[in-house]
Amino acid sequence: MSAMLPLAFRGLASGAVPHASIPVGLELYSVRDALKRDPDGTVRAVGQMGYQAVEFYAPYFEWTEAQAKQMRKLMDDLGIRCYSTHNNADYLEAKNIGHVRDLNLILGCKYVVLAWTDPKTGLDGWKAVADKLNVAAETLEPSGLKPGYHNHQAEWGMVSGQRPMDILAKNTKSSVMLQLDVGTCLEAGADPVAWIRANPGRIHSIHCKDWSPDPAVAYKTLFGEGKADWKGIFQAAESVGGVEYYLVEQEGSRFPELETARRCLQAFRATQV
């Protein structure tokens, strides 16, 4: 057991832990520099670490179908999956969503996640985001794909007396996944456990990103070393949230990218039953 593991047990000492039957993957933004230099080699390294899945982010949209097929073959050879991708807002527009659909089907995905948005137009802007997700759901449904939404900090602040995340949850189809980013939820002062319990059956994946109130480390803290109540989060996710897979995400740490990913997986695995 690594010397870093005791730190990783903060908030995990007893009670609910992530069940080993639920796969854990890596959001590849965590290893973005390595991925840019060597996509195949990086995905291979991630799979060989023991991650069961990967989540590609925005640059994948530039792939041809042939490139997507090559990546799918690599994943199949490694025995790993891609359950979802992260997408810019314009990827869900009519001119782009066909290409997004085709690439995601090749990769074997289930969810097409809107990675972020900033409407800057108050409640009406957030309602328009919900409308976009609903239209995407109708477009993707015949292919067996579903859209999702990934939160950052802004979604938890008050806008005309309402939180944007509540607006999105209430105004989107139940098929729209609400992918919870734990770290940004915490930084915004929101309660991830309460959010999961308020939206049963819609939290199909979680970005397991920790956060520290110490600005010197903030998002550079490793999984299990920050403020997140992972015990409570896992219990809520698996009892009512409908979680299908977990995704480790790091925005950096005191270690190189691939070493960071390896340490986070080691800490995550140490919590499983």
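Throughout, read-outs are computed from the coordinates displayed, never taken from laboratory work. Here the structure is a predicted model, which is why all the values come from computation and not from measurement. We place every Cβ from the backbone using ideal geometry, glycine too, and count neighbours over all the protein chains shown.
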(request) Please give the per residue volume of the convex hull enclosing the alpha carbon atoms of the chain, rounded to a whole number of Å³. (result) 125
(request) Compute the semi-axes of the equivalent ellipsoid of the stretch 56-96, taking the square root of 5 times each eigenvalue of the Cα gyration tensor, and list them largest first in whole Å. (result) 22, 12, 7
(request) Would you compute, from DSSP H runs of 4+ residues alone, the mean residue ellipticity of the chain at 222 nm, taking -39500 (n - 2.57) per run and dividing by the full residue count, rounded to the nearest 500? (result) -11500 deg cm²/dmol
(request) List the residues of the stretch 156-170 whose backbone N lies under 15 Å from a point placed 7 Å from the Cα of residue 251 along the Cα-to-Cβ direction. (result) 156
(message) What does the extension gain come out to for residue 121 and residue 77, with contour length at 0.36 nm per residue minus their alpha carbon separation?
(response) 11.2 nm
(message) For a 31 Å ceiling on Cα separation, which of these pairs sit above it: 95/231; 73/127; 73/220; 120/209; 69/170?
(response) 95/231; 73/127; 73/220; 69/170
(message) With +1 on the Cβ of every Lys and Arg and -1 on the Cβ of every Asp and Glu, and nothing else charged, how large is the dipole of the stretch 5-269 about its Cα centre, in debye rounded to the nearest 20?
(response) 340
(request) Give me the aspartates and glutamates in straight-line cross-link reach of residue 173: C-alpha distance below 15 Å, same-chain residues under 8 apart excluded. (result) 131, 138, 141
(request) Place a label point 7 angstrom from the Cα of residue 258 along the Cα-to-Cβ direction, then list the residues of the stretch 38-65 whose backbone nitrogen is under 16 Å away. (result) 38-51
(message) I'd like to know which of 233, 161, 185 lies farthest towards the positive end of the charge dipole of the chain, counting +1 on Cβ of Lys and Arg and -1 on Cβ of Asp and Glu.
(response) 233
(request) Give the calculated FRET efficiency between residue 99 and residue 37 to the nearest 0.05, with a Förster radius of 25 Å applied to their Cβ-Cβ distance. (result) 0.50
